[in-house]
Amino acid sequence: MYSFEYQRATDPQAAAAALSADTEAKFIAGGQSLLPTMRLRLAQPSQLVDVTRIPALKSITVDANKVTIGAAVCHADVADHPDVRRVLPALADLAGHIGDRQVRALGTIGGSLANDDPAACYPAAALGLDATIVTERRRIASGDFFVGMYETALEPDELIVAVEFPVPERAAYEKFRNPASHFALVGVFVAKFAGGVRVAVTGAASSVFRATGLENALSANFTPDAARAVSVPADELNDDMHASAEYRAHLIPVLAARAVTKATA
């Protein structure tokens, strides 16, 4: 690992200013993706700006219509928060199955979304729930946030402060995980709102995406059978050593059906 400077930011504006002043600097929270990359010498930031001690990034607020998670809240705290489990259990359940205990104790929701790993779980929740990503300077709709593989709408010096999740009528997440990494070979988040159903898929393509065929079918008939009856094209899905594109295409409606069953239980 290369040498670097380290500093703790005291507020979101100070953190963003540090990166504006040094284009080779990086934010660090849980470090679950950045530090391994640095150890492999695939990244060489000049300094790390620690955002985990910023109070605004550590809070969780819940009401009947919205769950707001601070960007530096770790997965374990989302999974264990009693109000999140009560109002939006699908989000708590998703957070509780990310990685292993060590990852959940350190990894953060803001870091996961900013990294936008193609197989990460939180992007599916953000897109499926029509979340809003709040930074120190603006609000970004989840539909505009995820741009491509490891690519988001964030500016290089822009810091996620919180994520706002609307509360749906029903929701659930199901994933078929890689047994070694616990990342999703395919993960499907289903959310039923008064105006229709949203279905977000992770692990199957270069970035999280909405499955419109499943959304249309489930908006008309919110049942597992309706999900299983949908055929998903394999044309633009990942094809690698872990699973073929055709297998991933097969898994998407199967997991959607399981999510509907869980959501209606």
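The values are calculated or read from the model by the stated rules, or taken from the named source; none is laboratory data. Owing to the predicted nature of the structure, the values given are computational and were not obtained by experimental measurement. Heads up, the Cβs are rebuilt from the backbone with ideal geometry, glycines too, and the neighbour counts pull from every protein chain shown.
Condition (residue is hydroxyl-bearing (S, T, Y), closer than 25 Å to H75 by Cβ and either in the same structural domain as S142 (by TED's automatic domain parsing) or crowded, with 20+ Cβ neighbours inside 10 Å (or both)) applied to the stretch 197-205: is it met by at least one residue?
Yes, some residue in the stretch 197-205 is hydroxyl-bearing (S, T, Y), closer than 25 Å to H75 by Cβ and either in the same structural domain as S142 (by TED's automatic domain parsing) or crowded, with 20+ Cβ neighbours inside 10 Å (or both).
Is there a residue being surrounded by 17 or more Cβ atoms within 10 Å (Cβ to Cβ) and within 30 Å of L255 (Cα to Cα) anywhere in the stretch 16-28?
no
Residues that are buried (at least 23 other Cβ atoms within 10 Å of the Cβ) and modelled with pLDDT of 95 or more: does the stretch 212-219 have at least one?
yes
Can you pull out the residues in the stretch 49-72 that are crowded, with 19+ Cβ neighbours inside 10 Å, touching a Gly at 6+ places or on another chain (Cβ under 9 Å) and either polar (S, T, N, Q) or over 17 Å from D11 (Cβ atoms) (or both)?
Hits for the stretch 49-72 are T52, I69.
Against the conditions (1) touching a strand residue (DSSP E or B) at 6+ places or on another chain (Cβ under 6 Å); (2) farther than 25 Å from L154 by Cα, where does T68 fall short? Just the number, please.
(2) is the only condition that T68 fails.
Answer yes or no: is there a residue in the stretch 224-240 that is touching a strand residue (DSSP E or B) at 6+ places or on another chain (Cβ under 7 Å) and either hydrophobic (A, V, I, L, M, F, W, C) or not assigned by TED's automatic domain parsing to the domain that holds D116 (or both).
There is no residue in the stretch 224-240 that is touching a strand residue (DSSP E or B) at 6+ places or on another chain (Cβ under 7 Å) and either hydrophobic (A, V, I, L, M, F, W, C) or not assigned by TED's automatic domain parsing to the domain that holds D116 (or both).
For L129, which of the numbered conditions (1) in contact (Cβ under 8 Å) with a residue 60 or more places away in the chain; (2) farther than 25 Å from L34 by Cβ; (3) surrounded by fewer than 20 Cβ atoms within 10 Å (Cβ to Cβ); (4) not small (G, A, S) fails to hold?
Of (1) in contact (Cβ under 8 Å) with a residue 60 or more places away in the chain; (2) farther than 25 Å from L34 by Cβ; (3) surrounded by fewer than 20 Cβ atoms within 10 Å (Cβ to Cβ); (4) not small (G, A, S), only one is false for L129: (3).
For the stretch 144-181, which residues satisfy the criterion of being surrounded by fewer than 22 Cβ atoms within 10 Å (Cβ to Cβ) and within 17 Å of R248 (Cβ to Cβ)?
Within the stretch 144-181, M149, F176, R177, N178, P179, S181 meet the criteria.
Would you please name the residue that is modelled with the lowest pLDDT, looking only at residues in the stretch 147-167 that are over 25 Å from Q13 (Cβ atoms) and either touching a helix residue (DSSP H, G or I) at 6+ places or on another chain (Cβ under 8 Å) or of a type in the set (D, E, K, R) (or both)?
Ranking the qualifying residues of the stretch 147-167, first place goes to Y150.
Within the stretch 233-244, track down each residue that is of a type outside the set (S, T, N, Q) and surrounded by 18 or more Cβ atoms within 10 Å (Cβ to Cβ).
L237, A243
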